[in-house]
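Read the structure below first, then the notes.
The values are calculated or read from the model by the stated rules, or taken from the named source; none is laboratory data. Computed from a predicted structure; not experimentally measured. Neighbour counts run over all protein chains shown; Cβ positions are idealised from the backbone, glycine included. Only protein heavy atoms, including side chains, enter the accessible area calculation; ligands, DNA and RNA are left aside. Shrake-Rupley method; radii C 1.70, N 1.55, O 1.52, S 1.80 Å.
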Amino acid sequence: MSGLPDRKEAHVRRLLEGPHPPVPTGLAAGAAARGDRLRRRRRALRRFGWAVLFAAAVAFVVWASLTRPWIAPPSGISPPLQGW
């Protein structure tokens, strides 16, 4: 079993020392264009997410200012005491 790692290592060394395969023309330009598209898409999604978050915050503030959920509703059990 000790011969297996040495054989694999020797094979990898032969591959790295041997002639390198030719790189297709335009590979770097295509990779750069794809990376640019991905970056623009991520930036657009991030901006959209922040816009949705901001719109939700504004909608919550408007709703809270109109309904005032922090004020307890009036009790209908007994009339308020006045004139004491």
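Which of the residues spanning the range 17-59 are charged (D, E, K, R) and either touching a strand residue (DSSP E or B) at 6+ places or on another chain (Cβ under 7 Å) or at pLDDT 95 or above (or both)?
ARG34, ASP36, ARG37, ARG39, ARG40, ARG41, ARG42, ARG43, ARG46, ARG47
Exactly one of (1) in a helix (DSSP H, G or I); (2) open to solvent by 100 Å² or more (accessible area, probe 1.4 Å) is unmet by HIS20. Its number?
With (1) in a helix (DSSP H, G or I); (2) open to solvent by 100 Å² or more (accessible area, probe 1.4 Å) applied to HIS20, the lone miss is (1).
Restricting to the range 1-17, give me the number of residues that are of a type in the set (Gly, Ala, Ser), part of a helix (DSSP H, G or I) and open to solvent by 70 Å² or more (accessible area, probe 1.4 Å).
Residues meeting the conditions: 0.
Regarding PRO69, is this residue at pLDDT below 95, open to solvent by 100 Å² or more (accessible area, probe 1.4 Å) and not in a helix (DSSP H, G or I)?
no
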